[in-house]
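Remarks on the structure that follows.
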Amino acid sequence: MVGLKKGKREEAKTMLQGAGYDFVSNAGSARRLFFVKDEKCQGGSIRMHLHLVKVDGSQWDQKIAFRNYLRRHKKAKLEYAKVKKKATKEANGSKRKYMKAKESFIKRITREALR
């Protein structure tokens, strides 16, 4: 996730597309820009996801709170790893199913983190 200052969305979008990132429209939220890029790495490739949101906006605050909570609470971090592994298996390649499978955990931890 990258935080943007107000009025910098189009400039950032143009720059990232010029660097080989693909913009994904309708990626779940009108308040963020979402990009993907596949890079060759050690004989294979890895897909990078990049989220651009307004610094100090609600998406920024929620994601940073979630991240910081996991950093401070090892048990929650380990639980999230299990949730993600299970979601990956159950989703069978469906992004929508993967996101749905993680949703309740993320909402619960985010609520706790924002308290």
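The values are calculated or read from the model by the stated rules, or taken from the named source; none is laboratory data. Computed from a prediction, not measured in an experiment: that's the story for all the values here. Cβ atoms come from the backbone with ideal geometry, glycine included; neighbour counts cover every protein chain shown. When the accessible area is computed, the model is the full protein with side chains, heavy atoms only, and any ligands, DNA or RNA have been set aside. Shrake-Rupley method; radii C 1.70, N 1.55, O 1.52, S 1.80 Å.
The table below gives the values:
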item	result
Output for the range 1-27, where each listed residue is aliphatic (A, V, I, L, M), open to solvent by less than 80 Å² (accessible area, probe 1.4 Å) and not in a helix (DSSP H, G or I)	Val2, Leu4, Ala19, Val24, Ala27
Some residue of the range 66-89 being modelled with pLDDT under 90 and either surrounded by 14 or more Cβ atoms within 10 Å (Cβ to Cβ) or among the charged types (D, E, K, R) (or both)	no
Identity of the residue in the range 1-27, closer than 24 Å to Phe66 by Cα and in contact with a Phe, Trp or Tyr (Cβ under 7 Å, 6 or more places away or on another chain), that ends up modelled with the lowest pLDDT	Ala27
Cβ-Cβ under 8 Å pairs, at least 6 apart or on other chains, the range 88-115 side within 23 Å of Leu70 (Cα to Cα), far side modelled with pLDDT of 95 or more and not in a helix (DSSP H, G or I)	none
Residue selected from the range 28-50 under the condition among the charged types (D, E, K, R) and assigned to a strand (DSSP E or B), by the criterion nearest to Ile64 (Cα to Cα)	Arg32
Of all residues in the range 28-61 being hydroxyl-bearing (Ser, Thr, Tyr) and within 22 Å of Gly93 (Cα to Cα), the one that is surrounded by the most Cβ atoms within 10 Å (Cβ to Cβ)	Ser29
